[in-house]
1. Accessible area per residue for the range A:121-221 in Å², computed with a 1.4 Å probe and the full protein assembly in place, what is it?
2. Please pull out the direction-averaged projected area of the range B:257-390, using the convex hull of its alpha-carbon atoms, in nm² to one decimal place.
3. In nm, to one decimal, how far is the residue B:311 label point from the residue A:18 one, both placed 7 Å along Cα→Cβ?
4. Ordered by residue, what ³J(HN,Hα) values in Hz, to whole numbers, does the range B:103-114 give under the Karplus form 6.51 cos²θ - 1.76 cosθ + 1.60, where θ = phi - 60° and Gly and Pro are x?
5. Pop the C-beta distance of residue A:261 and residue A:104 into the FRET formula with R0 = 51 Å and round what comes out to the nearest 0.05.
6. Using a probe of 1.4 angstrom, how much of the accessible area of the range B:9-100 is carbon and sulfur, in percent?
7. What percent do you get for the relative contact order of the range A:121-221 when only Cα pairs under 8 Å and 6+ apart count?
8. In terms of the Cα gyration tensor, with a ≥ b ≥ c the square roots of its eigenvalues, is the range B:134-239 rounded because a/c is under 1.5, prolate because a/b exceeds b/c, or oblate?
Amino acid sequence: MDLRLTKTQNMFKRAAADFLKAEAPSHTITEWFGSKAAFLPDLYRKAAALGWLGMVIPERYGGASTSFTDCAVVFEELGHGPLPGPLFSSGVLGALLVLEGASEEQKKTLLPAVCSGKSIVIAAVADGGVDWGPESVETRLTRTTDHLVLDGTKRFVYDAEAATAFICAARTESGEIALVLVNRESPGVSIMPKAGFMVSVAEVRFDKVRVPVSSLLGGAGAGWQILDRALEKALPILCAYQVGACQEIFDFTAEYTRTRVVFGQPIGRFQRVQDHCVEISIHLDAARWVTYETLWKLDSGVPATAGVHEAKAVASEAYYQVCNFSHMVHAGPGTDYGHPLMAHSVMAHTLYQYLGTPLQHKRRMMDALYPRAGSRE
Amino acid sequence: MDFNLQADSREISVFRKEVQEWLQENMRGAEELRWSATWSTRENEEEYGFRRKLARKLGGRGWLFPMFPVEYGGGGLAIDHQLVLESELDRYGISLAAVFYTLARIVAPVILKWGTEEQKRNFLPPMLRGEVSVWQVLTEPQGGSDIATCRTKAIRDGDHYVVNGQKVMVGYHHPPDFLWTLVCTDPSGPRHENLGWLYIPGNSDGITIQPMRLMMGIKNAVFFDNVRVPAFNLVGGENNGWSVANTHLELEHGGEGRVGADPLVERVVEYCRETRVAATPLLEDTSVRDMIADMMIELHVVHLFARRNFWHRYVREPHPYGGAQFRYYQRMVRLRNGERLQQIMGYHALVPDLTVNEVVDFEYVVRSGPGMLHGGGTLDTDRLVFARRVGLGRPTKEKAPETI
Ligand SMILES: Cc1cc2nc3c(=O)[nH]c(=O)nc-3n(C[C@H](O)[C@H](O)[C@H](O)COP(=O)(O)OP(=O)(O)OC[C@H]3O[C@@H](n4cnc5c(N)ncnc54)[C@H](O)[C@@H]3O)c2cc1C
C-alpha cells in the first residue's frame, strides 16, 4: 500500500494549481458565474496547450497516454475553481466516447482535434431531465437510402453551448440505441441556454437533422454499451473535480472560522460551527477516498463498475452537502452572489444532476453488484 | 382538543361568508397572477400593484390586522375571525403576513407593545391599513448574529437623533416607507443598555440604499449619513432597545406561528402523477413514493408546530421554546426537501416555473434550502435560544418574552 501521489502527479498538481492562480483566481470565476459566461474559448485554448485535454487518450491519437489517476489529479485542482468549461465534458468524456466507440478512421481524424481543443465534442444522452439510463433515450434515428435523420430534443445538455459537435444518443427504428456524431452547424440543430439554478446547461434540438451514415459511432445497438464503457472511465475524473471543489470549500470555510469574529470570538470556537466543519470534512474525505480507490482500480485493471457508480453518488452528494454546511458557517454573506461559495453552490447543484443523480448511481451500483432477476443489462 | 379550523359558530359562519364574498369580488384579476415569494426578483409591476392595493383594501376593513384594536386601524376581532381570514386567503395562495412586501407583521406588534399612546396613534394606523411598507433593519456587517454590538449610532441633538452607520441584508427590492432600525443610543454605555429603536422615514436625507444580489433575491445595504430623525420616533425609550429587541426577535424567530399549510406536497404529487418515465408515472416509483412520504410527514409536523405557536400566541401564553424549535426544524426540512426534489425530478428541479406561485416552484424550494437558513438568525442561534428556554445545563429556564 502506498497512498502518496507520484512525483509526476505532484508536478501535474502544481502546474494546474499555478494555472488556476494565474488565469482564474476565485474572484474572476465569481464574475464569470455572475455573467453566466461559463465557456471562455481563450482559457480553453490555454488549458489545451498544457495538455489537459485527452490526457488518458493514447499518444498516437494526440493524447498523453497518462493513467486515470494522473488525469484526476489535474481535474481535482481545476475543481478548486470551480473552473468551468468543457475540459471534462469534451476533453475526457467526449474523447473517451470516440475512443471506445469510433472506427479507426474516425479516431484518427477526430481524436487529435478533440485533444488539441479544436473540436469540442459533447455527449447528448438523456432526452428528459428526470431519468438517466437507456430508457431515457427517445430521440429517433431513421435511415433513408443514403443518410440518417435525427429527430428529437435533449432538454438538458451540460456544456452544449461550447460544442462544435455532439455525440447524440438516439433510438433506431428497431428500438436499439445508437450514437451519432452530429456537427453543431448542421441544419436543424439549435441550442437554447437554460435559465435556472445551474450553470452551462442548454437544451439541444435536433429537428430532422440529416447526417451521413458514416457518422454512426459503433454499430446501431452498441450505443449504450459504448456509453457505459466511456462513462466508467470518465466519471471518476469528474468525481476528482468535485473532490477538489470540496477541498477548496473546506479550506476557505476553515479560514473564515479563524477570521470572522462574532460575540467577541472567532466563530470557529463555537462548537456548532466546529460541527458544521466536521461534516464538511467527512463528506470531503469520503469523496476523496472513494474516488481515488476507484481510480486505482481503473489503473490496475481491478473490476471497477460498482465503484464508479459509488464514487459518482458519493462525490456529487458530497459536493452538494459540503456547500450546504459551508453555507451554515458563512450564513448571510455566503449567500451573496459575489461570494466564492455561490459559484460552488451553483456548480454543485448542476453536477448533482449531470450524468445521473446520486440516487440513480446508487441503484446502478446495486444492479452491478447484485443483478436483478430478469434484468436487461 | 379541537383541531378543526372550520367548526364555525353561527356568528363566525356569517363572517366566513362575508369574507368569501368579499374575496370573490376583490381577488378578481388575480387569476392571471402567480404570487412571487418574499425577496423575489421575479415579481412584476402588475403583481406589485395588485398586492399593494389588496393590502389597502384589507387594511381599510381592519382585516389586515384583525385582532388589533380598532383605534389603531385594526379589526378589533377575535382569534376565530383571524382564522377565517387566514384560511380563506390561503385558498388564494396568500397569507395575511405576506400580502405585500413589508414586515409590518413583526413591527406593528412591537410598537403596540412598546410605543407611547401618541406613537401608536401616529405610526400604527397607516401600517395596519396596509398603506406603508416597513423594513426591519438590524444586521450589521461586523456584528452579524450579535446584533447587540450595534455600531449604527443615534446621537441626540435637540429634538432629533442624528444617525450614522451601515446595515446589511435588509429589505426588499421596492423602496421602504419606513425603516424600523436598531441603533446605539449611547456609544459609551454598557452592552444591552445602550440601544434604541428608531422608526425612520424612508425618504429622510442621508439614506443611501444599495441592492445586494443574494441567493434568495434582492436585499440591501443601507448607509446612514447624518440622518436626522425626530426624537419622537424613538420607540421604547432611550437605552431600552434590548427589551424591545426581545419582543421583535421572538416574533421573527417563529413565535408568531401560522395556520396555513405549505402547499408544496400537493404540487409534488400532481407533478409526479403527470410526469412519466419509461411510460410509468413517477408517482408509481417506489423510491419517489418513499421520498414524498418523508416530505409529507415532515411538512405536516412543521405545520402542526406552526399552528401550535399561532395558538399559544393568541391565547397569550407564549410557548417556552416553540419559536426556536419550529424555525430550526422548518429550515432543516426545507433543506432536505430541496435535495428530495432534485432526486425526484432531476434537472427540472433547477428550472424556474413562472406558471405557478413561487413558493411551490421547485427551483425556488431547492434554492431556498441553503438560501433561507439564516434570515433573522442562524440555525445555530435558534438552537442556542432553544437550549436557554428549556434550561439545558442551567437551573433556570429563560422565559419567552411576551409578544402580542
Ligand atoms: C435571506 C436573508 C434575509 C435577511 N433579512 C434580514 C432583514 O430583513 N433584516 C435584517 O436586519 N437582517 C436580515 N438578514 C440578516 C440575518 O439576520 C443574518 O444573516 C443573521 O443574523 C446572521 O448573521 P451573519 O450572516 O452575519 O452570520 P454570523 O453571525 O457571522 O455567523 C457566522 C457563523 O457563526 C455562527 N454563530 C454566531 N454566533 C454563534 C453563537 N453564539 N453560537 C454558535 N454559533 C454562532 C453562526 O451560526 C454561523 O454559523 C437576512 C439574511 C438572509 C440570508
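1. On a per-residue basis, the range A:121-221 sits at 38 Å².
2. Its Cα hull, projected and averaged over all orientations, spans 8.7 nm².
3. Label-label distance for residue B:311 and residue A:18, simple model: 6.9 nm.
4. Result, rounded to whole Hz: 10, 4, 4, 9, 5, 4, x, 5, 5, 4, 6, 10.
5. On the way: r = 64 Å, r/R0 = 1.25.
Working from the Cβ atoms, E equals 0.20.
6. Using a 1.4 Å probe with all protein chains present, the range B:9-100 comes out at 48 percent carbon and sulfur.
7. 31 percent
8. Verdict is oblate for the range B:134-239.
The values are calculated or read from the model by the stated rules, or taken from the named source; none is laboratory data. Just so it is clear, the structure is predicted and the values come from calculations on it, not from any experiment. Note: ideal-geometry Cβ built from the backbone for every residue, glycine included; neighbour counts use all protein chains shown. Areas reflect the complete protein model, heavy atoms only, side chains present, ligands, DNA and RNA absent. Shrake-Rupley method; radii C 1.70, N 1.55, O 1.52, S 1.80 Å.
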